[in-house]
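Undergrad: Pasting in a structure now, in structure tokens, and then I'll have a few things to ask.
The values are calculated or read from the model by the stated rules, or taken from the named source; none is laboratory data. Just so we're clear, the structure is a prediction, and the values are computed from it rather than from any experiment. Cβ placement follows ideal geometry from the backbone for every residue including glycine, while neighbour counts extend to all protein chains displayed.
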Amino acid sequence: MDGLEIKGGAALRGDIVISGAKNAALPLLCLGLMSSAPLVLGNVPELADTILMEGLLRHHGVEVTRDGETVTMRGGATNYDAPYELVRKMRASVLVLGPLLARYGEARVSLPGGCAIGTRPVDLHVRAMQELGAVVELADGYIQARAPGGLSGGRIVFPTVSVGATENALMAAVLARGSSELVNVAREPEIADLANCLNAMGAKIIGQGTDTIMVEGVEALHAANYTVISDRIEAGTFAIAAAMTGGDLTLKGIRARTLDALLMVLRESGATVTETDDTIRVVANGRPIAADITTDPFPGFPTDLQAQFMAMMCIADGSSRISETIFENRFMHVPELLRMGADIRVHGGIAMVRGRDALTPAPVMATDLRASVSLVLAALTIEGKSQISRIYHLDRGYSRLEEKLGNCGAKLRRIKVA
């Protein structure tokens, strides 16, 4: 099993070009099911998750080719069954439900897997398909859905904000007959990216980026070329790394407005943050200052940056309060940070962190994608060598992480761990 050996203590300095957003690329890849005409996606990061999604699409019958970070899809589906052995490794696999049902009138999708950070039930996905006229049942570990006469437009009111359910509903509504109104939808930039790509393919969508999206159904989608937005979570991770290590990093190709909540709290923590249209520079001198956060749907503080921020608070001057409101199991990095000498107390969805002058080297184990990178950030601040095992989680969400950090002064290498 692969691991990382990190010799910390160096300030990170340099430039990093931010990769395409994993959380945008995964639903965009599913659009290959929605038209026989070619869809060419640029800036698709080559990650374990995107490769898994490409494999799932091939299973469905889509012709998928990759040239660097450009993925071309054509042909549509010939198989409407997404089996457990393909879906179990990645929760985003459930996003084939809407496209299959909308275009072909049937879908059988295994209940998904992915990071074990919470229950994340599929009931919102199922309810959305039912509101569009589908007959859906859960049986034998599968979502089994059919709409032999096609889907019909409807009004979907989400009781809670869900990124995945919004994406599935949006894709399904595009090919439904008539108009659809999606209320209390997620407002994440990745949602707008999906809508913009669908519009480039001939869809009629307005309201993306707000809490209500209107869709006028079309009979078919056409060919398109589209570029995936940059990964705000990767950018946020490196911004925190600069602040933690007393570094100076310029992040290129990222829109600062997608990270307003993080950049505000980084400034509170003592970092100097400057922005242009497509760059963010983070400069830090000395120890971070403790600050409080509460995770919330966009434009609030991203749950996908909570673990990284907690790692920074472990070495901050003062005490901080971190409230996790999105996923109930997203403090699994805490026991590993404790092994590094952190002072953290968890009470339900709240973690109280008392900053220490420094952490100490320790062998630790990654438990999920964002938890794994929080351990990398912690190790970068520690004088001495730390070892992180089970880093396959990192490969799911961070493109060329060792290369990007290494070019900025980090000392790390991939090793084999028994």
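Undergrad: State yes or no: is Val353 surrounded by 19 or more Cβ atoms within 10 Å (Cβ to Cβ), among the hydrophobic types (A, V, I, L, M, F, W, C) and either part of a strand (DSSP E or B) or at pLDDT below 95 (or both)?
TA: It is true that Val353 is surrounded by 19 or more Cβ atoms within 10 Å (Cβ to Cβ), among the hydrophobic types (A, V, I, L, M, F, W, C) and either part of a strand (DSSP E or B) or at pLDDT below 95 (or both).
Undergrad: Quick test for you: out of Val161, Val136, pick the one residue that is among the hydrophobic types (A, V, I, L, M, F, W, C) and assigned to a loop (DSSP other than H, G, I, E, B).
TA: On inspection, the qualifying residue turns out to be Val161.
Undergrad: Pairs under 7 Å by beta carbon, first residue under 20 Å from Gly164 (Cβ atoms) in the stretch 314-333, partner crowded, with 21+ Cβ neighbours inside 10 Å and of a type in the set (Ser, Thr, Tyr), six or more apart or different chains?
TA: Cβ pairs passing all conditions: Glu324/Thr295; Thr325/Thr295; Ile326/Thr295.
Undergrad: To continue, here is another question. When the stretch 176-210 is examined, which residues are found to be touching a residue at least 40 places away in the same chain (Cβ under 8 Å) and either surrounded by fewer than 17 Cβ atoms within 10 Å (Cβ to Cβ) or not assigned by TED's automatic domain parsing to the domain that holds Ile156 (or both)?
TA: Within the stretch 176-210, just Arg177 meets the criteria.
Undergrad: Could you please let me know if Ile391 is surrounded by 17 or more Cβ atoms within 10 Å (Cβ to Cβ), among the β-branched types (Val, Ile, Thr) and at pLDDT below 95?
TA: The answer is yes for Ile391.
Undergrad: Another question, if that's okay. Can you go through Thr160, Thr166 and tell me which one is touching a helix residue (DSSP H, G or I) at 6+ places or on another chain (Cβ under 9 Å) and surrounded by fewer than 17 Cβ atoms within 10 Å (Cβ to Cβ)?
TA: Thr160
Undergrad: Identify, from the list Asn329, Asn407, the residue that is modelled with pLDDT under 95 and of a type outside the set (D, E, K, R).
TA: Among Asn329, Asn407, only Asn329 is modelled with pLDDT under 95 and of a type outside the set (D, E, K, R).
Undergrad: In the stretch 169-178, how many residues are part of a loop (DSSP other than H, G, I, E, B) and in contact with a helix residue (DSSP H, G or I) (Cβ under 8 Å, 6 or more places away or on another chain)?
TA: 2
Undergrad: Moving on to the next point. Scanning for something assigned to a strand (DSSP E or B) and buried (at least 21 other Cβ atoms within 10 Å of the Cβ), does the stretch 253-272 turn up at least one residue?
TA: no
Undergrad: Can you pull out the residues in the stretch 276-291 that are surrounded by fewer than 16 Cβ atoms within 10 Å (Cβ to Cβ) and farther than 15 Å from Gly246 by Cα?
TA: Passing the criteria: Thr276, Asp277, Asp278.
Undergrad: Turning to a different aspect of this structure: Of the numbered conditions (1) of a type outside the set (Gly, Ala, Ser); (2) within 19 Å of Glu190 (Cα to Cα); (3) without any contact (Cβ under 8 Å) to a residue 40 or more places away in the chain; (4) out of contact with any Gly (no Cβ under 7 Å at 6 or more places or on another chain), Leu266 fails exactly one; give the number of that condition.
TA: Going through the list (1) of a type outside the set (Gly, Ala, Ser); (2) within 19 Å of Glu190 (Cα to Cα); (3) without any contact (Cβ under 8 Å) to a residue 40 or more places away in the chain; (4) out of contact with any Gly (no Cβ under 7 Å at 6 or more places or on another chain), Leu266 breaks only (2).
Undergrad: Could you list all residues from the stretch 300-339 that are in a loop (DSSP other than H, G, I, E, B) and under 20 Å from Pro361 (Cα atoms)?
TA: Cys314, Ile315, Ala316, Met332, His333
Undergrad: If you don't mind, there's one more thing I want to ask. Where in the stretch 1-79 are the strands (runs of 3 or more DSSP E), entirely inside, with at least 3 residues that are outside the structural domain of Ala410 (by TED's automatic domain parsing) and at pLDDT 95 or above?
TA: 39-42, 63-67, 70-74
Undergrad: Mind listing just one residue for me: the one in the stretch 63-81 that is of a type in the set (A, V, I, L, M) and surrounded by fewer than 23 Cβ atoms within 10 Å (Cβ to Cβ) and, of those, farthest from the chain's Cα centre (by Cα)?
TA: Ala77
Undergrad: Now a separate question. Spot the failing condition for Ile326; the list is (1) crowded, with 24+ Cβ neighbours inside 10 Å; (2) touching a helix residue (DSSP H, G or I) at 6+ places or on another chain (Cβ under 8 Å); (3) not polar (S, T, N, Q), and only one is missed.
TA: Evaluating Ile326 over (1) crowded, with 24+ Cβ neighbours inside 10 Å; (2) touching a helix residue (DSSP H, G or I) at 6+ places or on another chain (Cβ under 8 Å); (3) not polar (S, T, N, Q) leaves (1) as the failure.
Undergrad: In addition: Name every residue in the stretch 124-141 that is modelled with pLDDT under 90 and either under 23 Å from the mean Cα position of the chain (by Cα) or not charged (D, E, K, R) (or both), in order of residue number.
TA: Correct list: Leu138, Ala139, Gly141.
Undergrad: Give me the residue from the stretch 142-160 that is hydrophobic (A, V, I, L, M, F, W, C) and modelled with pLDDT of 95 or more and, out of that set, nearest to Met214 (Cα to Cα).
TA: Among them, the one singled out is Ile156.
Undergrad: Run down Ala378, Ala358 and say which single residue is more than 30 Å from Thr166 (Cβ to Cβ) and assigned to a loop (DSSP other than H, G, I, E, B).
TA: Just one listed residue meets the conditions, Ala358.
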